[in-house]
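Student: Quick one: this structure, given as structure tokens, is what I'll be asking you about.
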Amino acid sequence: MPIKLDPANIRKSINAFKKQTNEIGLIINPIINNYRLKEKEKLEVCQIGKFLYNINPNLRILEKPAPPNPDFILNFEGKIIGLEHTRIINALKTQKFFSISKLFDDAAIEFKTTNPEAKICATFRLNYNLTFKQQDKNNLIKTISSFVSEAIKGNFENQPDFINEINIFPNTIVSFKYLEGDFTSSYLTITDLQKAISAKEKKLQKYYSQSNLINEFWLVLMIGSLNSASFKINENENYKTKSIFDKVFLMSDFSENIIEIQ
């Protein structure tokens, strides 16, 4: 589960934060270091690393092969597992919030240049709807980056007035996420879920014909990035469904809540 930095007990929080960072790093760093991955692919590795850590901290990724192979190859209890990863998004809401999101993406890049050893995901809630002119963007980027550097050390004195809350979690790449304050995520329906599974099952049929070395195929469906294009889990919904995948998991990225649905 994610660890929230508690200003009232910062030392305990930081120690727990470091422990989880190290353990997730054991899963992910060999892939990050040994493959030439794009930023989007690194984020995918990070998400699967958190998934594996939550179901079994001793799990390891053997390979991240290129298409048309499965996204990941695992060794689990003596079996070779082909794992597919996909994100389910609400396509009707993807246009909202991109300007501020890009600001925080750029702040993460700035932070990485001054903190090359840091591996964190920082999430932000704002006090108001932030608007800015293009000429002010660089100063805002530096302000956000500097604040995160101080917050990691437990110093919140220079918190910008537009930031209401920051949470910092262990990660394998630097990632800043802006959490919209005025959106309502839609609940994931069983229909949305089944459509996403069906789309992936078309690829699975090819995998079975290409390889007899893989014993099982798993599918991990990611939701819950806390923006207007994300879905959230409906606790009253029964997501159990059938699939030709051996196992299917639904994971909320932010809360790291995992449901085995097949």
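Student: At 222 nm, what helix-only mean residue ellipticity would the chain give, in deg cm²/dmol to the nearest 500, using -39500 (n - 2.57) for each DSSP H run of four or more?
Tutor: Helix-only estimate at 222 nm: -12500 deg cm²/dmol.
Student: Taking the chain as a Gaussian network, Cα atoms linked when under 10 Å apart, which of 214, 48, 88 shows the biggest mean-square fluctuation?
Tutor: Maximum among the listed residues: 214.
Student: Mind listing the long-range amide H neighbours of residue 80? Cut-off is under 5 Å, sequence gap 5 or more, other chains count too, H placed in the peptide plane at 1.01 Å from N.
Tutor: Close amide H contacts, sequence-distant or interchain: 215, 216.
Student: Now for a separate question. Taking the Cα centre of the chain as the origin, how large is its charge dipole in debye, to the nearest 20, when only Lys and Arg (+1) and Asp and Glu (-1) carry charge on their Cβ atoms? Spell out each step's value before the answer.
Tutor: On the way: 34 positive and 29 negative charges, 83 e Å.
Dipole size: approximately 400 debye.
Student: Within the set of other residues whose C-beta is less than 11 Å from the C-beta of residue 248, count the net charge using Lys and Arg as +1 and Asp and Glu as -1. It would help to have the intermediate numbers written out before the result.
Tutor: On the way: positive: 200, 240, 242, 247; negative: 84, 201, 246, 260.
Local charge sum for residue 248: 0.
Student: Okay, moving on. Calculated FRET efficiency, residue 56 and residue 86, Cβ-Cβ r, R0 30 Å, to nearest 0.05?
Tutor: In this case the efficiency is close to 0.90.
Student: Any chance you could give the angle, 0 to 90 degrees and rounded to 10, that helix 39-55 forms with the longest Cα principal axis of the chain?
Tutor: Value to nearest ten degrees: 70.
Student: What is the sum of charges around residue 108, taking Lys and Arg as +1, Asp and Glu as -1, for the other residues whose C-beta is under 11 Å from the C-beta of residue 108?
Tutor: Working: positive: 102, 112, 177; negative: 39, 105, 106, 110.
Within the 11 Å Cβ shell, the charges total -1.
Student: Do any of 50/200; 19/112; 112/142; 119/153 go past 18 Å between their Cα atoms, and which? Walk me through the numbers on the way to the answer.
Tutor: Values: 50/200 21 Å; 19/112 21 Å; 112/142 12 Å; 119/153 14 Å.
As for pairs spanning more than 18 Å Cα to Cα, those are 50/200; 19/112.
Any read-out appearing in this document is the output of simple, stated calculations on the displayed coordinates, not a laboratory observation. Worth saying up front: this structure is predicted, and the values here are computed from it rather than measured. Virtual Cβ from ideal backbone geometry, glycine too; neighbours counted across all protein chains shown.
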